[in-house]
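As structure tokens, the structure follows; a few thoughts come after it.
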Amino acid sequence: MPTSTWRAIIVMAVLTCKQEVVLVVRITLILLAFGAISTSATAESPPDYLTSWGVFGTAPGQFRYPLGVTVSPDGRVYVADSNNHRVQVFSANGVFLYEWGSEGSAEGEFRTPGDVAVDSSGDTVLVADADNHRVQKFTSGGAFLGSWGTQGTDDGEFYRPRGIVVDPSGYVYVSDWGNDRVQKFTTSGTFLLKFGSWGFGDGQFQSPAGLSLDSNGDVYVADWGNSRIQKFSSNGAFLGKFGSPGTGDGLLIHPLDVAVDTVNAVCYVADANNNRVQKFSLAGTFLGKWGTLGSGPGQFNWCNGVAVTLDGGSLYVCDGANHRIQSFGYAATGVEDQSPRVTLTLLPAAPNPFRSMTTFGYSVGEFGPVHLVIYDASGRRVKTLVNRPLPPGDHSVSWLGDEESGVPVPSGVYFVRLQSGTQVRGSKLVLIR
């Protein structure tokens with residue numbers, strides 16, 4: 001207990017009789033034990049709410065219980081869309097860019113991906129493919145590069161890997177949820193070491209979840225079942241811990257992720273069952289918090305992932321049961337749109353709604369491959385209208401409301417997705433038969 005708290009009790013003792021002192025001391029200790037009194041300094045102001053995106057669904061930009069989120073060096077936001085068995089990529093402001101993956105066990109397919117990580121170059125993406133008990137490796141655009149791991153308890157095997165992070169040297173750390181340990185690999189998947197076992201003691205875990213790294217290469221682990229954060233060296237030596245079960249400031253209930261801001265030497269914890277994010281120093285001192293149970297701006301329903309930009313100015317929170325991503329920023333640095341320069345435009349379809357044919361106008365800023373694809377409301381690809389290199393300038397294409405085979409599709413809501421390079425635009429269509 002801090003010195004200031006004891007001083008307050010002594011002052012009360014001087015001003016009251018002996019019996020009253022005993023009662024005050026007992027009440028104070030009870031309140032401290034249950035977190036009703038904070039022993040930390042005055043909490044910092046929370047960051048500003050910026051925006052959110054996503055609703056429940058399967059179409060591009062929609063989610064079904066997103067689990068993990070990370071930010072690439074160029075500011076793109078990667079989301080492990082767990083129950084849609086895919087990875088989705090967005091601009092810093094939430095504009096849908098592209099996606100890859102579907103349910104299955106083949107190369108490039110997923111079963112409940114638990115987390116996603118991007119290396120320091122921004123060129124390689126790693127996915128903790130939880131229910132396939134493996135790690136998959138992709139280019140930043142989603143091209144499959146390789147995988148490692150099978151279900152088991154031996155070195156290099158997994159039981160539902162949940163968190164993943166890659167250090168500047170390319171070493172990959174994976175939280176092995178069901179085996180209560182963290183494993184370390186080379187970027188090609190060669191096993192290097194492991195640390196942790198089931199238990200309550202220092203260096204032990206009960207279902208480790210999200211991971212993060214500080215500027216020294218130390219590893220922070222969200223120890224879900226023990227309601228705490230543990231810190232380790234890059235070789236797996238236990239360095240410290242903070243947090244314990246509770247609802248007060250600095251207390252946690254089943255944290256699912258942790259994100260270190262290396263610029264400001266702080267970390268953020270997705271305090272899942274308390275429906276909030278808490279901010280700590282890297283030594284574990286409570287600094288601030290925000291969030292309550294709800295669906296409004298800045299509220300959460302099972303926040304299970306958190307990521308911070310390289311400059312420390314912006315945060316992204318995976319709001320799982322609200323099926324969305326929320327972003328926050330500090331006024332000192334704000335948030336900049338780090339998405340690529342806008343050179344691609346998609347004009348509204350005309351007519352829309354339509355019965356037999358609609359036309360899309362679009363412009364391309366530079367020569368390169370262009371893809372324009374129609375999806376239905378479930379996210380199924382219906383028809384590819386454009387798939388070829390085009391020169392810069394204005395273009396148009398029409399859709400007859402049919403599939404690739406020429407069979408007419410039924411009435412309903414459809415989505416058009418236009419992509420040129422890394423830039424993506426989209427809009428909604430309504431077909432009425």
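The values are calculated or read from the model by the stated rules, or taken from the named source; none is laboratory data. Keep in mind that this is a model prediction, so the values were computed, not measured. Using ideal geometry, Cβ is built from the backbone for each residue, glycine included, and neighbour counts are taken over all protein chains shown. Heads up: the accessible areas ignore ligands, DNA and RNA and are worked out on the full protein's heavy atoms, side chains in. Shrake-Rupley method; radii C 1.70, N 1.55, O 1.52, S 1.80 Å.
Residues in the range 362-387 that are in contact (Cβ under 8 Å) with a residue 24 or more places away in the chain, of a type in the set (Ser, Thr, Tyr), part of a strand (DSSP E or B) and surrounded by fewer than 18 Cβ atoms within 10 Å (Cβ to Cβ): 1 in all. The range 70-171 holds strands (runs of 3 or more DSSP E) entirely within its bounds, and those carrying 2 or more residues that are over 17 Å from the mean Cα position of the chain (by Cα) and in contact (Cβ under 8 Å) with a residue 12 or more places away in the chain map to 134-139, 144-148. For the range 57-98, what are the residues that are more than 23 Å from Gly149 (Cβ to Cβ) and acidic (Asp, Glu)? Hit for the range 57-98 is Asp74, nothing else. Residue count for the range 242-266, restricted to those that are farther than 20 Å from Trp177 by Cβ, without any contact (Cβ under 8 Å) to a residue 60 or more places away in the chain and in contact with a helix residue (DSSP H, G or I) (Cβ under 9 Å, 6 or more places away or on another chain): 1. So which residues in the range 118-131 are open to solvent by 30 Å² or more (accessible area, probe 1.4 Å) and modelled with pLDDT of 95 or more, if there are any at all? If the condition is that a residue be open to solvent by 30 Å² or more (accessible area, probe 1.4 Å) and modelled with pLDDT of 95 or more, then Asp131 is the only one that fits. Just one of the numbered conditions (1) modelled with pLDDT under 50; (2) open to solvent by 70 Å² or more (accessible area, probe 1.4 Å) is not true of Glu44: (1).
Contact map, the range 398-422: first residue within 11 Å of Leu385 (Cβ to Cβ), second residue open to solvent by 50 Å² or more (accessible area, probe 1.4 Å) and of a type in the set (D, E, K, R), Cβ cut-off under 9 Å, separation 6 or more or different chains; pairs are Glu404/Arg381; Val416/Arg425; Val416/Lys428; Arg417/Arg425; Leu418/Arg425.
Checking each residue in the range 57-70 for being open to solvent by 30 Å² or more (accessible area, probe 1.4 Å) and small (Gly, Ala, Ser) picks out no residue at all. Among the residues of the range 71-86, is any at pLDDT below 95 and open to solvent by 40 Å² or more (accessible area, probe 1.4 Å)? Yes. Among the residues of this structure, Ser140 does not count as one that is open to solvent by 10 Å² or more (accessible area, probe 1.4 Å), at pLDDT 95 or above and under 30 Å from Thr345 (Cβ atoms).
For the range 179-248, the strands (runs of 3 or more DSSP E) that sit wholly inside it and include 2 or more residues that are within 23 Å of Asp154 (Cα to Cα) and open to solvent by 20 Å² or more (accessible area, probe 1.4 Å) are 191-195. Would you pick out the residues in the range 391-432 that are open to solvent by 40 Å² or more (accessible area, probe 1.4 Å) and under 21 Å from Gly142 (Cβ atoms)? Those that are open to solvent by 40 Å² or more (accessible area, probe 1.4 Å) and under 21 Å from Gly142 (Cβ atoms): Phe415, Gly421, Thr422, Arg425, Gly426.
Just one of the listed residues (Lys184, Lys137) is more than 28 Å from Gly421 (Cβ to Cβ) and not hydrophobic (A, V, I, L, M, F, W, C), and it is Lys184.
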